[in-house]
Amino acid sequence: MARRSWAEPYKIKMVELIKMSSPEDRLQAIREAGYNTFLLKSEDVYIDLLTDSGVGAMSDRQWSGLMMGDEAYAGSRNFYHLRDTVEQYYSYKYTVPTHQGRGAENIISQLLISDGDYVPGNMYFTTTRLHQELAGGTFVDVVIDEAHDPSSEHPFKGNVDFDKLDALVEKVGAEKIPYICIATCVNMAGGQPISMANLKQLRTWCDKHGIMLVHDMTRVAENAYFIQQREEGYQDASVQQIVYELCSLTDAATMSSKKDAMVNIGGFLAMNDPKFYERACELVVVYEGLHTYGGMAGRDMEALAIGITESVDDQHIRARVGQVEYLGEKLKSAGVPIVNPIGGHAVFLNARKILPHIPQERFPAQALSAALYLESGVRSMERGVVSAGRNKDTGENYMPKLELVRLTIPRRVYTQAHMDVTAESVIDVMERADQIKGLRFTYEPEVLRFFQARFELVT
Ligand SMILES: *Cc1c(COP(=O)(O)O)cnc(C)c1O
């Protein structure tokens with residue numbers, strides 16, 4: 001039987017109109033934004049591929065769930081629905097709602113990390129690492145080397161390198177490692193999965209050393225889909241089953257439900273240990289709210305519970321990742337250099353290769369991102385030297401190996417035609433790449449400079 005192409009397992013009931021601006025409008029908008037796509041007004045954007053966080057489209061069932069909100073201060077029925085859904089789909093017995101993922105990261109970091117501890121992870125994530133550092137810990141990257149190489153076709157670039165883990169234990173001792181934080185479908189590696197075999201091996205390793213295993217499960221469904229597609233023995237398992245198995249191998253989880261679970265805001269901390277739950281309930285009151293709502297409205301917990309069930313549906317995830325792959329393949333076949341393999345939530349353009357005439361200190365990825373907006377109104381994000389920042393001691397720019405522009409696809413929002421237009425715009429920009437100029441700062445914030453920096457063209 002011929003393999004059918006992917007298609008969306010939904011149809012459109014309501015639409016949001018977007019503006020198709022003129023080149024003159026866009027020139028003015030990008031100048032006013034200081035050539036930084038974070039400073040553009042959303043109204044001036046045609047296709048918004050800045051992020052996949054909190055920008056997904058909820059289903060009619062989720063919207064109906066909003067009407068079922070029980071806004072009681074304590075013991076909302078939506079909390080119990082959410083808790084039961086987390087246990088049914090993700091295996092964790094206890095759930096503490098938070099306002100978003102970083103709320104959960106704050107609580108777990110404060111509860112488990114002491115001054116001088118080390119927290120290994122399969123690549124850092126910005127907010128995760130920051131909370132570990134604020135709690136007195138030091139992040140240690142234990143992802144395999146292939147994760148840092150855009151040309152490597154390794155199918156599981158999110159895997160842990162056990163030599164790196166062993167070396168850390170050798171150096172600091174297991175008692176200095178409160179837990180290991182493992183992300184499924186690693187964001188900073190470009191949406192690359194960890195294999196079930198690697199996670200199972202890690203479970204054994206953690207048991208041997210008496211170290212807790214914490215799961216950053218923000219994109220667990222996308223990871224499960226890649227396991228189904230790529231890992232021996234999982235072809236006949238459903239994404240729902242694989243998600244459950246992944247979660248079962250870990251002790252606790254932090255979740256940003258703005259990604260996989262398709263709500264606009266929310267998150268949670270989940271675990272199996274009743275003592276740990278008790279302590280988390282004590283701390284969540286300080287930072288978020290009572291343990292039966294944390295940082296969420298009742299209606300939002302209801303929409304989240306429903307979103308979780310939709311996120312693990314095989315047809316949904318096939319279409320979600322299929323759309324990202326569709327865009328990636330289209331660019332690849334036109335000769336656009338991108339990061340391989342294509343990730344679960346985004347396509348990354350290799351700006352160094354597209355703009356070889358712009359040296360890294362003139363911010364090629366930032367310039368490419370601005371040029372793409374100017375061309376077509378497509379908003380993307382820089383992931384290169386601007387995002388990397390400066391070394392605090394020397395004041396020099398970090399010069400990362402990867403100088404990338406990220407095209408991040410929101411869930412259930414854009415059509416295949418939008419992906420076509422995006423690809424055509426990138427190809428047009430690439431064809432006149434030699435006319436694109438580099439940038440220099442006119443304003444450079446001290447921390448997380450990529451959000452608010454402003455630039456001008458270098459003539
Ligand atoms: C987005 C994200 C977070 C943080 O979640 P927020 O909801 O943005 O606070 C943590 N980890 C990963 C991998 C993420 O992608």
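The values are calculated or read from the model by the stated rules, or taken from the named source; none is laboratory data. Values in this document were obtained by computation on a predicted structure and should not be read as measured data. Neighbour counts run over all protein chains shown; Cβ positions are idealised from the backbone, glycine included. These area figures cover heavy atoms from the full protein model, side chains too; ligands, DNA and RNA do not enter into them. Shrake-Rupley method; radii C 1.70, N 1.55, O 1.52, S 1.80 Å.
Checking each residue in the stretch 360-375 for being within 10 Å of ILE436 (Cβ to Cβ) and of a type in the set (Gly, Ala, Ser) picks out ALA367, ALA370, ALA371. When each of GLY69, GLY34 is tested for being at pLDDT 95 or above, assigned by TED's automatic domain parsing to the domain that holds ARG279 and among the small types (Gly, Ala, Ser), the lone residue that passes is GLY69.
If the condition is being assigned to a loop (DSSP other than H, G, I, E, B), within 16 Å of the ligand (Cβ to nearest atom) and of a type in the set (Gly, Ala, Ser), then the stretch 158-189 contributes GLY158, ALA189. For the stretch 190-201, a tally of residues being surrounded by fewer than 24 Cβ atoms within 10 Å (Cβ to Cβ) and either in a loop (DSSP other than H, G, I, E, B) or within 15 Å of the ligand (Cβ to nearest atom) (or both) returns 1.
Flag: GLY75 does not match the condition of being surrounded by fewer than 19 Cβ atoms within 10 Å (Cβ to Cβ) and not assigned by TED's automatic domain parsing to the domain that holds TYR287.
Tell me, yes or no, whether the stretch 224-242 has at least one residue that is within 16 Å of the ligand (Cβ to nearest atom), within 21 Å of ARG129 (Cβ to Cβ) and in contact (Cβ under 8 Å) with a residue 60 or more places away in the chain. Scanning the stretch 224-242, I find no residue that is within 16 Å of the ligand (Cβ to nearest atom), within 21 Å of ARG129 (Cβ to Cβ) and in contact (Cβ under 8 Å) with a residue 60 or more places away in the chain, so the answer is no. Taking (1) open to solvent by 50 Å² or more (accessible area, probe 1.4 Å); (2) in contact with a Gly (Cβ under 9 Å, 6 or more places away or on another chain) in turn, ASP313 satisfies each apart from (2). State the number of residues belonging to the stretch 116-137 that are out of contact with any strand residue (DSSP E or B) (no Cβ under 7 Å at 6 or more places or on another chain) and more than 16 Å from the ligand (Cβ to nearest atom). Adding up the residues that qualify gives 3. For the stretch 33-56, residues that are farther than 22 Å from ALA423 by Cα and among the aliphatic types (A, V, I, L, M) total 2. Taken over the stretch 92-115, the criterion of being away from the ligand (no atom under 16 Å from the Cβ), open to solvent by 20 Å² or more (accessible area, probe 1.4 Å) and in contact with a helix residue (DSSP H, G or I) (Cβ under 8 Å, 6 or more places away or on another chain) is satisfied by LYS93, TYR94, LEU111. Residues in the stretch 20-53 that are open to solvent by less than 100 Å² (accessible area, probe 1.4 Å) and among the basic types (Lys, Arg): ARG26 only.
From (1) more than 21 Å from the chain's Cα centre (by Cα); (2) more than 30 Å from TYR179 (Cα to Cα); (3) among the charged types (D, E, K, R), pick out the condition that doesn't hold for ASP48. Status for ASP48: all satisfied but (1). Note on the stretch 66-91: residues that are more than 14 Å from MET296 (Cα to Cα) and in contact with a Phe, Trp or Tyr (Cβ under 9 Å, 6 or more places away or on another chain) amount to 6. Yes or no: the stretch 116-126 includes at least one residue that is at pLDDT below 95, surrounded by fewer than 17 Cβ atoms within 10 Å (Cβ to Cβ) and assigned to a helix (DSSP H, G or I). Looking for residues that are at pLDDT below 95, surrounded by fewer than 17 Cβ atoms within 10 Å (Cβ to Cβ) and assigned to a helix (DSSP H, G or I), one finds at least one in the stretch 116-126, hence yes.
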